[in-house]
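What follows is a short report on a single structure.
The values are calculated or read from the model by the stated rules, or taken from the named source; none is laboratory data. Quick caveat, the model's predicted, so the values are computed rather than measured. Cβ coordinates were reconstructed from backbone atoms using ideal geometry, including for glycine residues, and neighbour counts include every protein chain displayed. Just so you know, the surface numbers come from the protein's heavy atoms only, side chains and all, with ligands and any DNA or RNA stripped out. Shrake-Rupley method; radii C 1.70, N 1.55, O 1.52, S 1.80 Å.
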Amino acid sequence: MPPAPGMPPRPSAPVVAGPRQQVVDGVQVTLHGAAVADATSALAFTFADARTGKPVDDLKPYLAAAGHI
């Protein structure tokens, strides 16, 4: 909710970093890059076989896009 007219803006809540790597159904997903508030941020994901570490190279687009976040 925005502050009342004439009042200073409320301070933002601190952002707590979450895990940058997860294993889902045997696939290790890693987030690379840093999010910047009020700016464009370059983020990328890599996908690897969690057991062997080999990159996953057979991904297919979903809804005509490489990824949905």
Scalar couplings 3J(HN,Hα) for region 26-39 by Karplus 6.51 cos²θ - 1.76 cosθ + 1.60 (θ = phi - 60°), nearest whole Hz, x for Gly and Pro, are x, 10, 8, 10, 10, 9, 10, x, 10, 7, 10, 5, 6, 8
So for D58, D38, D49, what's the accessible-area order with a 1.4 Å probe, most first? D38, D58, D49
Ranking by accessible area, most exposed first, for L59, L31, L43 with a 1.4 Å probe: L59, L43, L31
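Please compute the volume of the convex hull spanned by the alpha-carbon atoms of the chain and report it per residue in Å³.
Numbers: hull volume 10.7 nm³, N = 69.
Per residue, the Cα convex hull of the chain comes to 154 Å³.
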Amide H neighbours of V27 under 5 Å, counting only residues 5+ apart in sequence or on other chains, H built in-plane at 1.01 Å? A50
Quick calc: nm separation of the 7 Å Cα→Cβ label points for T40 and R10 -> 3.1
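Of the accessible area of the chain, with the probe set at 1.4 angstrom, what percent is carbon plus sulfur?
Details: 3950 of 6370 Å².
So the carbon and sulfur contribution to the accessible surface is 62 percent.
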On average, how much accessible surface per residue is there in the chain, in Å², for a 1.4 Å probe, leaving out ligands, DNA and RNA? 92
